[in-house]
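Report on the structure given below.
The values are calculated or read from the model by the stated rules, or taken from the named source; none is laboratory data. It should be emphasised that the depicted structure is a prediction, and the values quoted were computed from it without experimental measurement. For neighbour counting, all protein chains shown are included, and Cβ atoms are generated from backbone atoms with ideal geometry for every residue, glycine included.
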Amino acid sequence: MQVTIFGAGYVGLVTGVVLAELGHRVTVIEVVAEKVQSIRQGTSPIYEHGLDAMLTRVLASGNFQVTDTSEGVVESADVIFIAVGTPPLASGEADLRYVRQAALAIGHGLGSRKRQVVVNKATVPIGSANQVEVWIEDGFDGKPAEDVYTVASNPEFLREGTAIYDTLYPDRIVLGADRSWALEQLKALYRPILDQTFSPPPEVMRPRGLSAVALVETDRISAEMIKYAANAFLATKISFANEIANICERVGADVIEVSRGIGLDRRIGDRFLNAGAGWGGSCFGKDLSALIYTAEEYGYHPQLLQSTVSVNRDQRHRIVSRLQNALKTIKGRRVAIWGLAFKPGTDDLRDAPSLTVIAELSRLGARIHVYDPVAMPTLKRDYPELEVVYANGAIEALAGAEALIVLTEWPAFSQIGLDQIAQALSRPILIDGRNLWTPGAARAAGLDYHGVGRS
Ligand code: UGA
């Protein structure tokens, strides 16, 4: 099928490359010239396992191209994805400026020779499909022919770091549309994934036993709500684990044992129960704010969702309070931070706990030395105002530091010996914001160890 995608961000680029790999003919429209340049050369502007190799392959096959204009690429498409950014406004409401621009361009370019489905893949507020339809019609030069196009919702559930895996082998595909022909068209697009009939790319093998992917066919509003509810639930699950961890600390229980004990109950499940410095990233915070905003707009007070957010905010501050308790005064003290990215496997710093911790420690007068195997250039580029010293290696960051705070569970960190950490620090305080080590082993190495939810 002919596919056109607006936006070469995480969702747009990964979706485009994967659909091209499956044999569709894909054109991605991106307005940022440097991104277009780099994608054309086979280098993805984002760090994602397997993406560059797959991008190089689909460029060479001729199935994939990227352009900076929507001119001439909308009319011929069977499916047109809107995958542009929807950043939050100060109010928490999603900013739909880029969605509107894309919808107007789509309206301008739609043909009338075949049926075309416009798919909202960006996470947009509940009811946006109707709004996008209005914008598309604003973009039409003349009156649209009857029933030649429709707007559908197909929310994205990929995680950063495993984006290709999640796209090829998702837990489910959700399609929300008001026209049966649109659902058929989208099912045809996703058929190789739904039936798992494609040959797995060498970079991202198929999980054992996966022979079909669940499909949820529903109305547009429910599809939009599924996306928000999924992220809100995952964030709530983590905030729940963090709240339990905070109680564990007080009563002397170990949250790792507690999470394992409750996670074995299949109604609860063991994933997303890791207590720590809290959740971050470009999605959870933004989507929760938008859902809270929508709920209030419709006269409902979403107490649980608000608590999910406030437990998370406090969890970041608790890391700094821990350090304060251990060090007493922070002014003038040298502190090392390992891990800046909001999670391992990415250089993304959006809403990362590290940003809050660094800002607070700076305000308290600490001298901060940081190390992250991937995300340091992003911090330098996007947050030049933060006063930190960049170390060339994990151990180098510790020299002369009176405490180490770990904020991202990069696998390389847990491979560093506790003895080595204790020796490199000038005072052996370890605030383990991701529970990488056990308190017993850390204390045996001479560290003044503070995990989350275990004592
Ligand atoms: C999240 C969802 O998991 C995806 O399904 C969704 O598509 C995506 O948002 C989105 O809306 O675009 P992502 O933000 O990439 O994906 O990251 P996650 O792997 O979900 O992690 C989010 C945060 O939760 C990270 O800061 C991570 O460190 C934290 N986390 C995760 C915990 O603190 N504890 C856990 O047990 C799990």
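Summary table below
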{"item": "Evaluation of Thr346 against (1) touching an Asp or Glu at 6+ places or on another chain (Cβ under 6 Å); (2) more than 29 Å from Leu158 (Cα to Cα) (one fails), failing number", "result": "(2)"}
{"item": "Strands (runs of 3 or more DSSP E) fully within region 352-455 counting 1 or more residues that are without any contact (Cβ under 8 Å) to a residue 60 or more places away in the chain", "result": "367-371, 388-390, 429-432, 448-450"}
{"item": "Which listed residue, of Glu48, Glu21, Glu34, is surrounded by fewer than 16 Cβ atoms within 10 Å (Cβ to Cβ) and among the acidic types (Asp, Glu)", "result": "Glu34"}
{"item": "Verdict on Arg159 being within 16 Å of the ligand (Cβ to nearest atom) and free of Cβ contacts under 8 Å to residues at least 40 places away in the same chain", "result": "yes"}
{"item": "Residue list for region 422-448, filter: farther than 24 Å from Glu257 by Cβ and of a type in the set (A, V, I, L, M, F, W, C)", "result": "Ala422, Ala424, Leu425, Ile429"}
{"item": "Unique residue being over 23 Å from Tyr165 (Cα atoms), in a loop (DSSP other than H, G, I, E, B), free of Cβ contacts under 8 Å to residues at least 60 places away in the same chain and over 19 Å from the mean Cα position of the chain (by Cα) when the list is Val31, Val74", "result": "Val31"}
{"item": "Count of region 162-209 residues which are in a loop (DSSP other than H, G, I, E, B), away from the ligand (no atom under 16 Å from the Cβ) and loosely packed, with under 12 Cβ neighbours inside 10 Å", "result": "8"}
{"item": "Any hit, region 115-126, residues being farther than 26 Å from Glu217 by Cα, out of contact with any Gly (no Cβ under 9 Å at 6 or more places or on another chain) and either in a loop (DSSP other than H, G, I, E, B) or without any contact (Cβ under 8 Å) to a residue 40 or more places away in the chain (or both)", "result": "no"}
{"item": "Within region 408-446, tally of residues that are in contact with a strand residue (DSSP E or B) (Cβ under 8 Å, 6 or more places away or on another chain) and either outside the structural domain of Asn242 (by TED's automatic domain parsing) or hydroxyl-bearing (Ser, Thr, Tyr) (or both)", "result": "2"}
{"item": "Check on Gln37, out of contact with any Lys or Arg (no Cβ under 6 Å at 6 or more places or on another chain), assigned by TED's automatic domain parsing to the domain that holds Gln116 and assigned to a helix (DSSP H, G or I)", "result": "yes"}
